[in-house]
Each structure stands twice: as structure tokens, then as C-alpha cells.
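Okay, structure first, notes after.
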Amino acid sequence: MRDASEALIVIDVQNDFCPGGALAVAEGDAVVPRINALMLEFATIVLTQDWHPVTHSSFAINHPGAEPFSLTSMPYGPQVLWPTHCVIGTTGAAFHPDLRSDPAQMILRKGFRPRIDSYSAFFENDRTTATGLEGYLKSRGVKAVTLVGLATDYCVAFSAMDAARLGFAVTVLEDACRAIDLNGSLAAARQQMQAAGVELT
Ligand code: VGL
Ligand code: ZN
């Protein structure tokens, strides 16, 4: 068992990001057995859930004429418009049924403000609105975080880069992650994570 100062952060292993879901990531469900096994190693475990109101501004359907996966401009910068996914309270927003959630002490929901998306578990997409996870981890003495889950190139990468910026030692276990890979986003995210000092293994 690892020291409690090392946290496992499991990003968005939800039905909508798994095959058959609204924003399915190829092989998204393949990470579940690996993550369940990893949870046995960690004393500090956080699960995150993408958690959007149906009116969310990241949904293409809320931008008349816009296609899913197109890019728009928000007050905080560029934003991909997604298919409607992870709507609060729906089955799509629930964890994959085989993901063990009992070992987690904290379940963090993000993306619930209608006008701003939140890829990262630490800050919303304006890079300044905090989710509170930094304070939770630091006040519990966490120094190092290991990130796994979905999707490598969005929520995992944004969380990893924020964690590095906040002074945590950060590892992303790539074989316990899967990517959306939209227009080269996976290669770009890997490069940006490495430049931020994130260890990819
Ligand atoms: C995610 C796109 C939109 C993710 C969430 O979990 O990576 N990607 N919302
Ligand atoms: Zn989302």
C-alpha cells in the first residue's frame, strides 16, 4: 500500500465516455479493470464525474446551427462543442457499472455551471475558477498524484497540467487512460503534459 500522501485521481469513468455512450471514447471501458486493481494500492482516492446541466454551453445543441466537435469562442477562450453528454442525474453521467467506487473517499463533480466547461478536476476552463480539489488534497497532506481515466487528451491532460502547476508530483498512467483524439489532440496533449513536467508512464 502506498503512503496516504500519494493520491489516485480517477477521471470521468462514466457511461457516456464508454462504448455505446453519448461521447464514447474508443475502448473507454477497457480502463476499468486496471483502475479497480490500482485502487487496491492507494489509500487516498478521488473519483471525478463530468456533471452538466442540460443547458450547458459546451453542448452543440445549445448553439443553433453548430455541429458537434466544431470549435466556438467563449469569453474564456476556444471551446469544442460536444454532443450532449453526462447530463446531471442520467445513466450516461453514472460511473461505469463495473468501476469500484467504494474505495474512494471523495467524489468530485465538475462542469455544473451552465456557462463554463471544466475539463480539469482543479480549475474550470477559465483556468481560475477553482473546484476545491487543490485545498482538499493539500489539507490532507497529498504531495503526489497519479491520474487515470477518460479522456487522456481532455480531462486527464488538463487535470495533470493543473496539478503540476499547483506543485504536485504528477504521473499519468497512459495504459489506464483512453483518448478522444480529435484533430491530433492526443499528440498535442502528450507534448504539453511532458513540457509541464508530468511523468507519462
Ligand atoms: C471530457 C469532453 C467533454 C473528458 C468531458 O472527460 O475528457 N471531454 N467533457
Ligand atoms: Zn463534458
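The values are calculated or read from the model by the stated rules, or taken from the named source; none is laboratory data. All of these numbers come straight from a predicted model, not from anything done at the bench. All Cβ positions, glycine included, derive from the backbone under ideal geometry; neighbour counts span all protein chains shown. Please note that ligands, DNA and RNA were not included when accessible areas were found on the heavy atoms of the full protein model with its side chains. Shrake-Rupley method; radii C 1.70, N 1.55, O 1.52, S 1.80 Å.
The figures follow:
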{"read-out": "Qualifying residues in the stretch 70-90 (those that are touching a Pro at 6+ places or on another chain (Cβ under 8 Å) and part of a loop (DSSP other than H, G, I, E, B)) - the one surrounded by the most Cβ atoms within 10 Å (Cβ to Cβ)", "value": "Leu81"}
{"read-out": "Residue satisfying all of: in the stretch 110-157; part of a strand (DSSP E or B) and more than 10 Å from the chain's Cα centre (by Cα); surrounded by the fewest Cβ atoms within 10 Å (Cβ to Cβ) among these", "value": "Ala130"}
{"read-out": "Flag if Ser57 is out of contact with any helix residue (DSSP H, G or I) (no Cβ under 9 Å at 6 or more places or on another chain) and open to solvent by 50 Å² or more (accessible area, probe 1.4 Å)", "value": "no"}
{"read-out": "Tally, over the stretch 180-201, of residues that are open to solvent by 70 Å² or more (accessible area, probe 1.4 Å) and not in a strand (DSSP E or B)", "value": "8"}
{"read-out": "Residues of the stretch 9-56 classified as within 12 Å of ligand 1 (Cβ to nearest atom), in contact (Cβ under 8 Å) with a residue 60 or more places away in the chain and part of a loop (DSSP other than H, G, I, E, B), total", "value": "9"}
{"read-out": "Subset of the stretch 94-116 [over 19 Å from Leu8 (Cβ atoms) and out of contact with any strand residue (DSSP E or B) (no Cβ under 6 Å at 6 or more places or on another chain)]", "value": "Ala94, Pro97, Phe112, Arg113, Pro114, Arg115, Ile116"}
{"read-out": "Residues (of a type in the set (Gly, Ala, Ser) and either away from ligand 2 (no atom under 16 Å from the Cβ) or open to solvent by 10 Å² or more (accessible area, probe 1.4 Å) (or both)) located in the stretch 22-39", "value": "Ala22, Ala24, Ala26, Ala30, Ala37"}
{"read-out": "Meets criteria (open to solvent by 10 Å² or more (accessible area, probe 1.4 Å), in a loop (DSSP other than H, G, I, E, B), within 16 Å of ligand 1 (Cβ to nearest atom) and not acidic (Asp, Glu)) for Pro97", "value": "no"}
{"read-out": "Residue within the stretch 158-179 that is within 15 Å of ligand 2 (Cβ to nearest atom), of a type in the set (Val, Ile, Thr) and either open to solvent by less than 10 Å² (accessible area, probe 1.4 Å) or not in a strand (DSSP E or B) (or both) present", "value": "no"}
